[in-house]
Amino acid sequence: MLSDLALSEENRSLQTILWRSQPSDKLKEYCLNTITYGTTPASYLATACLEKLAQECEEKTSLASRAIKSDFYMDDLLTGANTIADAVNLREEVINTMNSAGFVLRKWIFNEHALLTNISNNNDDPMFILNIDGTAVKTLGLYWDPRTDAYQYKISNRNYTNDLAMSKRKVLSTIATIYDPLGLIGPVIVTAKILMQKLWQHKLEWDAVLPAQLKEEWGNYLEELTDIENIKIPRRIIGVENNNEIEMHGFADASICAYGACIYLKATDEYGNCTARLVAAKSRVAPLKVVSLARLELCAAVLLIQLVEKVIPILNIKIKNKYYWTDSAIVNPG
């Protein structure tokens, strides 16, 4: 296996590192023989290896092949099934397929405890199965609580509220810590973006202290920011069992400060019970150059179409009807 993964000898000198176990030890020089993560081709090669493995096992283990193709992000696997029995089969297929190529999966976590049993831990790896002790686990930047099967948000820095020397740099740094790739707390994020835009309008230097009015506005925002830790968003976007039909409802709206779009899935079961779950959202601040509200409404509608075209095909869900909602007459084709 090493011969297949090894870097050619003439290129190994490009991956030279210096190492010593103790500060008093003499420095030693090593050449890495395999591709190191962090190099330019590493991410491509990692993905390409998974793609190749999925192709080779497609006929023998179709479940694993589909999961490896579509449910991996680098070395993280996020997948699932509709029943526990199907999830067990998928788990075993993925483990065996990955093991056959020398890729041993570890740090398993499920929202069903039954799926954590009967997993072979041949190496007695203490991190083979995660024990989260009632806390959420971080998954691709989002926090997920397996017990409630819901997404959560965490504030990483709680010391900024009393910072008397708050600057534009610190404001931007704080905003960057609020990771929301799906836009599920879009109103929180766009409020921060609007505040940041005001700082640009005042032409402040990066480390200049904020003016009193802006500092007060930012302080009020920070005091409420910790409330997002109380938000729990269901991971399942189809909230009923044995659904008969699924509808997509997309909404677009704008104000003079910002515009945005969001997508909901409405699922109805055989008894007429229905749920509506937020799938994704996206928002943008209005440009500094004055733009009419009518134009911003059009921008919101375009943003919605782009969001739907990007998100819905990835879900791989049969949707009966799609509805696009706006309160702007200029957007409505009727």
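The values are calculated or read from the model by the stated rules, or taken from the named source; none is laboratory data. It should be emphasised that the depicted structure is a prediction, and the values quoted were computed from it without experimental measurement. With ideal geometry, Cβ positions are generated from the backbone for all residues, glycine too; neighbour counts draw on all protein chains shown. These area figures cover heavy atoms from the full protein model, side chains too; ligands, DNA and RNA do not enter into them. Shrake-Rupley method; radii C 1.70, N 1.55, O 1.52, S 1.80 Å.
Condition check: under 23 Å from Ile185 (Cα atoms) and under 21 Å from the mean Cα position of the chain (by Cα). Does Ile317 satisfy that? Even if it seems obvious, please write down each step before you answer.
Working: under 23 Å from Ile185 (Cα atoms): no; under 21 Å from the mean Cα position of the chain (by Cα): yes.
Here the answer is no, as Ile317 does not meet what is asked.
When the residues of the range 102-152 are filtered to those that are under 23 Å from Phe72 (Cα atoms), among the small types (Gly, Ala, Ser) and open to solvent by less than 60 Å² (accessible area, probe 1.4 Å), which remaining residue is modelled with the highest pLDDT?
Checking each candidate, the answer is Ala150.
If you take the residues of the range 208-229 that are touching a strand residue (DSSP E or B) at 6+ places or on another chain (Cβ under 8 Å) and within 11 Å of Leu195 (Cβ to Cβ), which of them is surrounded by the most Cβ atoms within 10 Å (Cβ to Cβ)?
Keep residues of the range 208-229 that are touching a strand residue (DSSP E or B) at 6+ places or on another chain (Cβ under 8 Å), which gives 208-210, 215, 229.
Narrowing the set further to residues that are within 11 Å of Leu195 (Cβ to Cβ) leaves 210, 215.
Values: Leu210: 22, Lys215: 17.
Top of the filtered list is Leu210.
Looking at the range 267-292, which of the residues that are of a type in the set (Ser, Thr, Tyr) and closer than 23 Å to Leu182 by Cα is surrounded by the most Cβ atoms within 10 Å (Cβ to Cβ)?
Ser283
Quickly run through the range 1-12 and pick out the residues that are touching a strand residue (DSSP E or B) at 6+ places or on another chain (Cβ under 8 Å) and closer than 19 Å to Ala101 by Cα. Spell out the reasoning first.
Keep residues of the range 1-12 that are touching a strand residue (DSSP E or B) at 6+ places or on another chain (Cβ under 8 Å), which gives 2, 5-7, 12.
Across the range 1-12, the qualifying residues are Leu2, Leu5, Ala6, Leu7.
Name the residues in the range 53-71 that are open to solvent by 20 Å² or more (accessible area, probe 1.4 Å) and small (Gly, Ala, Ser), would you? Give the derivation first.
Filtering the range 53-71 down to residues open to solvent by 20 Å² or more (accessible area, probe 1.4 Å) leaves 55-56, 58-63, 66, 69-71.
Within the range 53-71, Ser62, Ser70 meet the criteria.
Could you list all residues from the range 153-175 that are open to solvent by 50 Å² or more (accessible area, probe 1.4 Å) and either touching a His at 6+ places or on another chain (Cβ under 8 Å) or modelled with pLDDT of 85 or more (or both)?
Result: Arg169, Lys170, Leu172, Ser173.
Quick check on Ile319: is it surrounded by 15 or more Cβ atoms within 10 Å (Cβ to Cβ) and aliphatic (A, V, I, L, M)?
Working: surrounded by 15 or more Cβ atoms within 10 Å (Cβ to Cβ): no; aliphatic (A, V, I, L, M): yes.
Here the answer is no, as Ile319 does not meet what is asked.
For the range 181-203, name all the residues that are open to solvent by less than 40 Å² (accessible area, probe 1.4 Å) and modelled with pLDDT under 90.
Result: no residue meets the conditions.
Given the structure, is Lys289 of a type in the set (Lys, Arg) and touching a strand residue (DSSP E or B) at 6+ places or on another chain (Cβ under 8 Å)? If you could, list the steps in order and put the result at the bottom.
On the way: of a type in the set (Lys, Arg): yes; touching a strand residue (DSSP E or B) at 6+ places or on another chain (Cβ under 8 Å): no.
The answer is no for Lys289.
Looking at the range 243-260, which of the residues that are surrounded by 17 or more Cβ atoms within 10 Å (Cβ to Cβ) and not aliphatic (A, V, I, L, M) is nearest to Val331 (Cα to Cα)?
Looking only at the range 243-260, we keep the residues that are surrounded by 17 or more Cβ atoms within 10 Å (Cβ to Cβ), and these are 243, 246, 248, 250-254, 258-260.
Filter once more, so that each one left must be not aliphatic (A, V, I, L, M): 243, 250-251, 253, 259-260.
On the way: Asn243: 32, Gly250: 14, Phe251: 12, Asp253: 10, Tyr259: 14, Gly260: 14 Å.
The selected residue is Asp253.
Report yes if some residue within the range 305-322 is within 24 Å of Ile194 (Cα to Cα) and of a type in the set (A, V, I, L, M, F, W, C); otherwise report no.
Within the range 305-322, the subset within 24 Å of Ile194 (Cα to Cα) is 305-307.
Next cut, of a type in the set (A, V, I, L, M, F, W, C) only: 305, 307.
Within the range 305-322, one or more residues are within 24 Å of Ile194 (Cα to Cα) and of a type in the set (A, V, I, L, M, F, W, C).
Just to be sure, is Ile263 assigned to a loop (DSSP other than H, G, I, E, B), within 24 Å of the chain's Cα centre (by Cα) and either aliphatic (A, V, I, L, M) or crowded, with 16+ Cβ neighbours inside 10 Å (or both)?
No: the conditions fail for Ile263.
Could you check Thr326 against (1) at pLDDT 95 or above; (2) of a type outside the set (Asp, Glu); (3) over 30 Å from Leu199 (Cβ atoms) and say which number it fails?
Result: Thr326 fails condition (1) only.
For every residue, the table says whether it meets (1) more than 24 Å from Lys107 (Cβ to Cβ); (2) within 23 Å of the chain's Cα centre (by Cα).
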| position | (1), (2) |
| --- | --- |
| Arg20 | yes, no |
| Ser24 | yes, no |
| Ile35 | no, no |
| Lys52 | no, no |
| Leu78 | no, yes |
| Asp86 | no, no |
| Glu93 | no, no |
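Quick check on the range 13-26. Is at least one of its residues surrounded by 10 or more Cβ atoms within 10 Å (Cβ to Cβ) and closer than 25 Å to Asn96 by Cβ?
No, there is no match, as no residue in the range 13-26 is surrounded by 10 or more Cβ atoms within 10 Å (Cβ to Cβ) and closer than 25 Å to Asn96 by Cβ.
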